[in-house]
Amino acid sequence: MITAARNYMIFIRRCTRIAFVGDWRYYAWMGLLTVISLLGLNAYAKQLVHGLIVTGMSDEVSWGVYIANFTFLVGVAAAAVMMVIPVYIYDNEELHDLVIFGELLAVAAIIMCLAFVTVDLGRPDRFWHLIPGIGQLNFPRSMLSWDVIVLNGYLLLNVHICGYLLYCRYQNKKPGKWFYIPFVFTAIIWAVSIHTVTAFLYVGLGGRPFWNASIVGPRFLASAFTAGPAIIILALQIIRHYTHYRITDKALLTLRSIVQVSMIINVFLLVCEVFKEFYSGTTHGVSARYLFVGLHGHHALVPWIWTAITLNLVAMVILVLPVSRSLRWLDVACVLSIVGIWIEKGMGLVIPGFIPTPLGAIVEYVPSLNETLVCLGIWAFGLLCYTIFLRMSVPILQGRIAKSNEGQPEIQGDEPETAPVADPLPH
Amino acid sequence: MTPTLPPPDDKTSDASMSRRNFLRGAAAFGGLTALAASLAPLRQLEDFSSSEEFLQKYYKELTPDDMTKVISRIEREVQKEYGIRPHVRDLKPMDGVEFVYCLNLTRCIGCRKCVHACVNENNQSRNPEIQYIRVLKMPHGSMDVEKGDHTYEAKSVPEKGFFYMPVQCQQCQNPPCVKVCPVNATWQEKDGITVIDYDWCIGCRYCEAACPYWARRFNFTKPEIPKERLNPNMAYLGNRPRKQGVMEKCHFCIQRTRAGKYPACLEVCPVGARKFGNILDPESEVSYIMREKRVFIQLKEEMGTSPRFFYYFDK
């Protein structure tokens with residue numbers, strides 16, 4: 001028992017160490033992210049003092065970019081499962097070793113989600129009111145209480161799966177099926193649930209016709225399964241470029257077909273929604289009219305949504321054409337889809353739900369500088385987490401940080417994979 | 001024991017070792033300084049939450065003893081801030097009472113006296129200004145709030161061709177705001193009033209998004225009330241001053257109505273458009289109106305919220 005704990009401590013220590021060493025590019029990247037995170041923290045400290053008045057939000061538009069980013073990132077987290085399904089259900093060999101990168105992305109995304117929800121709270125000091133037992137979690141009636149449970153559960157599931165698999169690899173041990181396969185399958189269902197629950201958060205509000213539509217749930221999933229794997233495609237290429245970790249083009253192209261199909265479904269669902277809102281001509285379509293064409297001279301969101309639609313359509317065309325089998329075009333399509341869906345899910349879904357208000361007043365929303373800095377800070381912090389996770393996991397997966405080389409000179413992390421392990425030296 | 005230092009690197013000489021250590025130390029120091037600097041604004045954070053308030057239990061779990069302590073804390077805090085000793089009570093709903101509000105749209109002239117009487121009675125923030133009642137100027141022939149004018153400024157009211165519709169919390173029988181609150185900080189009391197425990201609300205504003213009547217207001221910053229304007233007659237679930245970051249809304253003037261008085265908006269109304277009372281009492285004015293008047297409107301009836309706030313016309 002003590003030996004096991006000691007071994008685990010050594011594992012943790014070596015992982016921590018590798019997170020802090022690297023070449024100048026690594027330091028520059030981490031330094032940049034740290035600076036942006038601290039700028040965000042500074043902006044958040046100001047918000048804590050003065051209140052949410054430092055944001056662009058109001059009683060009319062009471063949720064803004066915080067919740068918009070939260071919604072987008074829940075999708076990113078959920079999409080990690082789109083790598084897990086091919087591997088564990090269809091036994092796709094190409095993606096097998098890459099699953100862990102997707103799951104680590106999910107962990108980073110959930111950390112960002114939790115941060116975005118926290119900064120949106122007026123009284124973050126009272127977070128403990130949410131903890132069952134000592135607080136008053138309104139479960140199962142409030143969809144937000146469901147969200148608290150599924151998000152934290154998903155975080156734990158993924159931390160367990162990644163941590164367990166990496167530690168097994170470190171010890172060069174075959175993972176015990178019962179220790180992770182049930183969790184993997186739970187995580188698959190759970191991933192769908194986190195996004196569905198987040199969609200239901202909006203769908204359940206009868207007083208907001210723009211959200212109160214059953215199509216919101218499916219659209220959430222379709223857009224998540226587009227943007228999530230698109231991010232993973234880009235991340236895998238960055239990993240491949242900087243770490244010499246072998247990632248085949250075939251694996252990337254498998255992900256391409258996921259992005260391709262999801263994007264087609266996403267655009268189709270968008271068409272369904274636009275048709276319903278506009279053709280029927282009921283007063284319920286008024287938020288959609290505000291979003292797409294503007295209302296009574298107010299049209300702050302119109303340029304955003306048309307940018308998003310253009311990006312999504314161009315991305316879809318590229319993805320459908322054989323040209324996207326070349327990585328350069330695939331990357332272009334991925335970037336376009338990520339930006340397009342970020343706008344569509346954020347500015348395009350959260351904000352227009354509030355405009356006009358249920359009493360018909362039109363008050364527009366523009367994020368403030370302070371609010372934007374908080375958002376950038378959280379994004380930087382999330383990227384910082386993901387970079388650290390990758391920094392630790394890649395050498396473990398490559399076998400360069402392993403139990404067998406404990407006590408030997410540590411790698412600096414930037415040697416090519418083929419570098420021979422140095423001879424053991426007297427301590 | 002785990003080794004505290006990584007094994008020495010064979011390729012590094014002593015000189016580069018110490019240089020690296022120096023750089024690491026400098027980086028760590030710089031990082032901590034930057035962290036402290038970025039948190040500097042927090043120094044302005046004054047009594048954001050006292051430990052007593054932080055650890056306070058949920059309203060429904062407070063024993064009478066706890067409540068006495070809570071009330072004396074609130075009185076202390078108010079006195080410290082406003083220099084006035086308030087009288088804070090925890091008024092409970094009365095048996096056999098269910099409050100209903102009726103508003104006569106034929107009579108309302110849109111003078112907004114109710115709006116301001118409410119602000120004065122309920123200690124709303126004056127800067128930024130929070131109002132519980134929104135009066136819509138509506139063109140004759142429509143109940144569509146989209147056609148309403150929220151910001152009308154007329155030399156004299158009423159204006160020809162319009163009627164006026166004040167909207168405040170509708171005290172729904174099926175309140176969507178209560179359903180969505182993740183921490184049960186808002187609930188419906190026995191007498192039909194939906195209340196908020198300002199000491200329990202986490203400020204997520206989900207209730208504000210859920211309300212089909214736009215009745216809820218959020219304290220986006222620390223509320224400002226001039227000392228001389230503070231109403232010292234307070235209730236825990238009613239008009240005691242709120243803190244930054246929590247929700248509030250109309251509570252049918254709980255500090256008045258649970259003590260047998262009319263709401264402030266009703267008392268101030270110059271044309272008697274507002275009627276309030278106990279629907280369970282067949283002799284009450286509201287029961288009479290519900291029985292005898294012919295046209296009732298529950299705003300957005302199709303929402304299924306079933307408001308306890310009824311609009312009616314005389315003719």
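Numerical summary
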quantity	calculated
Residue satisfying all of: in the range A:226-258; over 22 Å from A:Phe72 (Cβ atoms) and hydroxyl-bearing (Ser, Thr, Tyr); modelled with the lowest pLDDT among these	A:Thr243
Pairs with Cβ under 6 Å, 6+ apart, first in the range B:42-62 and more than 18 Å from A:Lys46 (Cβ to Cβ) and facing chain A (nearest Cβ under 9 Å), second aromatic (Phe, Trp, Tyr) and surrounded by 14 or more Cβ atoms within 10 Å (Cβ to Cβ)	B:Tyr58/B:Trp200
Qualifying residues in the range B:109-159 (those that are under 15 Å from B:His251 (Cα atoms) and hydrophobic (A, V, I, L, M, F, W, C)) - the one nearest to the other protein chains (Cβ to nearest Cβ)	B:Ile130
Matching option when the condition is of a type in the set (Gly, Ala, Ser), surrounded by 14 or more Cβ atoms within 10 Å (Cβ to Cβ) and within 7 Å of chain B (Cβ to nearest Cβ), among A:Gly22, A:Gly64, A:Gly51, A:Gly56	A:Gly51
Single unsatisfied condition, A:Ala106 versus (1) within 19 Å of A:Cys162 (Cβ to Cβ); (2) touching a His at 6+ places or on another chain (Cβ under 6 Å)	(2)
Test: residue in the range A:292-299 that is out of contact with any His (no Cβ under 6 Å at 6 or more places or on another chain), in a helix (DSSP H, G or I) and in contact (Cβ under 8 Å) with a residue 40 or more places away in the chain	no
Residue list for the range B:224-235, restricted to those being part of a loop (DSSP other than H, G, I, E, B) and either within 14 Å of another protein chain (Cβ to nearest Cβ) or closer than 22 Å to B:Cys172 by Cβ (or both)	B:Glu224
Looking only at the range A:103-126, and only at residues there that are without any contact (Cβ under 8 Å) to a residue 12 or more places away in the chain and not in a helix (DSSP H, G or I), the one that is surrounded by the most Cβ atoms within 10 Å (Cβ to Cβ)	A:Arg123
Any hit, the range A:190-202, residues being more than 9 Å from chain B (Cβ to nearest Cβ), within 30 Å of A:Gly399 (Cα to Cα) and either in contact (Cβ under 8 Å) with a residue 12 or more places away in the chain or among the basic types (Lys, Arg) (or both)	yes
Verdict on B:Glu75 being in contact with a His (Cβ under 9 Å, 6 or more places away or on another chain) and in a helix (DSSP H, G or I)	yes
Subset of the range A:344-386 [surrounded by 20 or more Cβ atoms within 10 Å (Cβ to Cβ), out of contact with any helix residue (DSSP H, G or I) (no Cβ under 6 Å at 6 or more places or on another chain) and among the hydroxyl-bearing types (Ser, Thr, Tyr)]	A:Thr357, A:Tyr365
Within the range A:1-101, helices (runs of 4 or more DSSP H) holding 1 or more residues that are among the β-branched types (Val, Ile, Thr) and in contact with a Leu (Cβ under 9 Å, 6 or more places away or on another chain)	A:24-50, A:65-79, A:81-88
Residues that are in a helix (DSSP H, G or I), farther than 19 Å from A:Arg246 by Cβ and aliphatic (A, V, I, L, M), drawn from the range A:363-400	A:Leu369, A:Leu373, A:Val374, A:Leu376, A:Ile378, A:Ala380, A:Leu383, A:Leu384, A:Ile388
All positions within the range A:207-241 that are more than 20 Å from the chain's Cα centre (by Cα) and surrounded by fewer than 18 Cβ atoms within 10 Å (Cβ to Cβ)	A:Asn212, A:Ser214, A:Ile215, A:Arg240, A:His241
Qualifying residues in the range B:296-315 (those that are in a loop (DSSP other than H, G, I, E, B) and of a type in the set (Ser, Thr, Tyr)) - the one surrounded by the most Cβ atoms within 10 Å (Cβ to Cβ)	B:Thr305
Conditions (1) within 14 Å of chain A (Cβ to nearest Cβ); (2) in contact with a Leu (Cβ under 6 Å, 6 or more places away or on another chain): number failed by B:Lys300	(2)
Unique residue being over 23 Å from the mean Cα position of the chain (by Cα), modelled with pLDDT of 90 or more and part of a helix (DSSP H, G or I) when the list is B:Asp65, B:Asp95	B:Asp65
Hits in the range B:236-280 - residues which are over 27 Å from B:Trp200 (Cβ atoms), of a type outside the set (Phe, Trp, Tyr) and in a loop (DSSP other than H, G, I, E, B)	B:Gly260, B:Cys269, B:Pro270, B:Val271, B:Gly272, B:Ala273, B:Ile279, B:Leu280
Answer from A:Ile85, A:Ile100, A:Ile89 - the residue that is of a type in the set (A, V, I, L, M), more than 19 Å from the chain's Cα centre (by Cα) and either within 25 Å of A:Arg169 (Cβ to Cβ) or buried (at least 24 other Cβ atoms within 10 Å of the Cβ) (or both)	A:Ile89
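Residues checked against (1) closer than 19 Å to A:Gly122 by Cβ; (2) within 12 Å of chain A (Cβ to nearest Cβ); (3) surrounded by fewer than 22 Cβ atoms within 10 Å (Cβ to Cβ):
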residue	(1), (2), (3)
B:Asp199	yes, yes, no
B:Ile202	yes, yes, no
B:Pro212	no, yes, no
B:Lys222	yes, yes, yes
B:Arg242	yes, yes, no
B:Phe252	no, no, no
B:Pro270	no, no, yes
B:Met290	no, no, yes
B:Arg294	no, no, yes
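The values are calculated or read from the model by the stated rules, or taken from the named source; none is laboratory data. From a predicted model like this one, the values you see are computed outputs, not experimental measurements. Note: ideal-geometry Cβ built from the backbone for every residue, glycine included; neighbour counts use all protein chains shown.
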